[in-house]
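Q: Please read through the structure below; I'll follow up with questions.
Every number here is computed from the coordinates shown, using simple stated rules; none is lab data. The shown structure was predicted, so the numbers you read here are calculated from the model rather than taken from an experiment. Cβ placement follows ideal geometry from the backbone for every residue including glycine, while neighbour counts extend to all protein chains displayed.
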Amino acid sequence: MADYPAKTVVISGATDGMGRATALERLARGDTVIAIGSNETKGRSLVADAARTGFGDRLRFVRADLSSVAENQRVVTEISRDHPAVDALVLFANRQSPRRQETTEGLEHTFALYYLSRYLLSRGLGPVLDASPDPVIVSVAGVGNTAGSVNWDDLQLTRRYSTLRAQLQAGRANDLLGVAFAEHGVSRARFVLYHPGFTRSGDLSPLNPLVRVLIRILGTVAARPVTGAVRPVHGFVDSPPREPLTAIDRGKPVDPSLKTLDRHDARRLAEVTEEILHDLPTRTSRE
């Protein structure tokens, strides 16, 4: 767009729903987009759509399973090697798991994909974000929602697992991720926590057929269209906020004093996360 210089934007979860819509719109605005997704077929479809609109030369699809720590590290290495500066990192990646699943590294899948990938990408890409004049990270999750909690004594949900419990825990962990990132000065990038509300978006295929039908019916009545849900994301990318941390829940600022944004808990989770990452080689060697 004429009002804004072209940017380099990295998007996780870029082949479905809101991530896909954001990728195509950023291309239309003149940006270079690095789109990360796990599904090769959906990635090819995104590439084909970009080519049909004449923007294919500015799209790079990176196939990666972001539930894997090793894959996140590979993605960080490749992007940092090929793009000396990144202006925006937009984080959408998430997938519901009706049954508890462990990754190849022994981590609960929702925790690894929804939370840990955001931790790894935001910190790993810090140097190339800092090379941008006005960097921003936008994490699209459920900030402002106070349901659920971080299960400090069982982060991997080996007991009492449910899809909702896993999603809520990872959502609250993402709230704390933004707080810790801003508090610790991990990067010059401003961190935005953004909750779009119920949106007709995402991959429902992991859910059982009845649940998929119910969600689709509810979506036709109550869900926001994708284009409306991602409109604020473009605003954050085009004009990053001045504050280190911004939290927006469906258009309204979130009270920073909420327990879900507690600084002590944010520091604690960052420390625990580093311990988990440090212990991963030992975990893997035991398998």
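Q: Loop by DSSP (not H, G, I, E, B), at most 12 other beta-carbon atoms within 10 Å: where is the longest site-free stretch of the chain for trypsin sites (Lys or Arg not before Pro)?
A: Details: sites that count: 99, 159, 160, 242.
Longest stretch, sites excluded: 1-98.
Q: Just how far, in whole angstrom, is segment 238-284 from segment 79-141 if you go by their alpha carbon centroids?
A: Answer, in whole Å: 13.
Q: What FRET efficiency comes out for the pair residue 231/residue 163, r = Cβ-Cβ distance, R0 = 25 Å, nearest 0.05?
A: 0.30
Q: At a threshold of 8 angstrom on Cα-Cα distance, excluding pairs fewer than six apart, so keeping six or more, what relative contact order does segment 89-155 reach in percent?
A: Normalised by residue count, the contact order of segment 89-155 is 40 percent.
Q: Return the label of the correct value of Cα Rg over 2.2 N^0.38 Å, as calculated from the structure shown, out of [x] 1.06; [y] 1.39; [z] 0.95.
A: Recomputing Cα Rg over 2.2 N^0.38 Å here gives the entry labelled [z].
Q: Now for a separate question. Once amide H atoms are placed 1.01 Å from N in the peptide plane, what residues at a sequence separation of 5 or more from residue 86, or on another chain, have their amide H within under 5 Å of its amide H?
A: Those lying under 5 Å, H to H, from residue 86 are 129, 131, 132.
Q: Please tell me the relative contact order of segment 1-111 in percent, rounded to the nearest whole number, where contacts are Cα pairs under 8 Å and at least six residues apart. Each step should come with its number before you reach the end.
A: Numbers: 166 pairs, mean separation 31.7, N = 111.
Result for segment 1-111 is 29 percent.
Q: On to the next question. Could you go through segment 125-130 in sequence order and give the Karplus-derived ³J(HN,Hα) for each residue, using 6.51 cos²θ - 1.76 cosθ + 1.60 with θ = phi - 60°, rounded to whole Hz, and x for Gly and Pro?
A: Working through the residues one at a time gives 8, x, x, 6, 5, 5 Hz.
Q: Separate question: Which whole-Hz couplings ³J(HN,Hα) result when phi for each residue of segment 172-187 is put into the Karplus expression 6.51 cos²θ - 1.76 cosθ + 1.60, θ = phi - 60°, listed in order with x for Gly and Pro?
A: 3J(HN,Hα) across segment 172-187, in whole Hz: 5, 5, 5, 4, 5, 4, x, 4, 5, 4, 6, 5, 8, x, 4, 8.
Q: Moving on to the next point. So for the chain, averaging the separation of alpha carbon pairs under 8 Å that are six or more residues apart and normalising by length, what relative contact order in percent results?
A: It comes to 19 percent, rounded to a whole number.
Q: Which is farthest toward the positive dipole end of the chain among 182, 12, 48, measuring Cα position about the Cα centre, with Cβ charges +1 (Lys, Arg) and -1 (Asp, Glu)?
A: 48
Q: Now a separate question. Would you calculate a helix-derived [θ] at 222 nm for the chain, using -39,500 (n - 2.57) for each DSSP H run of n ≥ 4 and dividing by the full residue count, to the nearest 500?
A: Helix-only estimate at 222 nm: -14000 deg cm²/dmol.
Q: Here's another thing I want to ask about it. How much length, in nm to one decimal, is gained on full extension between residue 278 and residue 147, taken as 0.36 nm per residue of separation minus their Cα-Cα distance?
A: Full-extension gain reported as 44.2 nm.
Q: Mind checking which of 133, 115, 278 is farthest towards the positive end of the chain's charge dipole, using Cβ charges of +1 (Lys, Arg) and -1 (Asp, Glu) about the Cα centre?
A: It is 115, whose Cα lies furthest towards the positive end.
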